[in-house]
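Trainee: Structure incoming, see below.
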Amino acid sequence: MKGWTMHFNGLREQQELGGWIEKSRAKGYVERELYRLKRYGSPVTIGMFRSEDPRFEEKFHRHSRQTDHLVPLAKGHYLFLYDHTELPGAFKAAENLMIHLDRDREGTKSRVALMQLQPEDELEEAIKRLLTLFVIASQSEQCIVDESVLAR
């Protein structure tokens, strides 16, 4: 990622996305999975997806496991959870899903941000980290961004 820095547009987008999460049932899903992780040690990767594909939800459900959850946030924006899945497995699942999206639409810009929840995570900080990743993904040339970009 060439010289990425958070600027006013990124902060505004992060606040807008945070509002969408607050108004949806997404926060409850993340909270439940964080509880399971802390109690049972079951890994979970969460992510945000932006897709202009009008059949995205249908394709997600067709190409994912029954334990995966998708929560619509706003037009073309979704939060998803890959239960019992560490980051490498979720990255592969997102890559596989991208193959089936936007095939007939030139110039579309599907973007994914992925992060694996950690036992020490608190709900608000985890969501804030995901939103930061999604802002980075939306400004990136890469289709899929994971939390390794935060370590740079």
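Derivation of every value follows stated rules applied to the coordinates shown; laboratory data play no part. Keep in mind that this is a model prediction, so the values were computed, not measured. Cβ placement follows ideal geometry from the backbone for every residue including glycine, while neighbour counts extend to all protein chains displayed.
Trainee: Sorting Val71, Val112 on the 10 Å Cβ count, fewest up front, what's the list?
Mentor: If I rank by nearby Cβ atoms, fewest first, I get Val71, Val112.
Trainee: Where does each of Met98, Met48, Met115 land when they are ranked from fewest to most other beta-carbon atoms within 10 angstrom?
Mentor: In increasing order of surrounding Cβ atoms, one gets Met98, Met115, Met48.
Trainee: Taking θ as phi - 60°, what are the ³J(HN,Hα) couplings along segment 74-88 by the Karplus curve (6.51, -1.76, 1.60), each to the nearest whole Hz, with x for Gly and Pro?
Mentor: 7, 3, x, 10, 9, 9, 9, 10, 9, 5, 6, 9, 7, 3, x
Trainee: Follow-up. What are the ³J(HN,Hα) values, in whole Hz, obtained from phi via the Karplus relation 6.51 cos²θ - 1.76 cosθ + 1.60 with θ = phi - 60°, for each residue of segment 36-50 in sequence order, with x given for Gly and Pro?
Mentor: 4, 4, 5, 7, 10, x, 7, x, 8, 10, 10, x, 10, 10, 10
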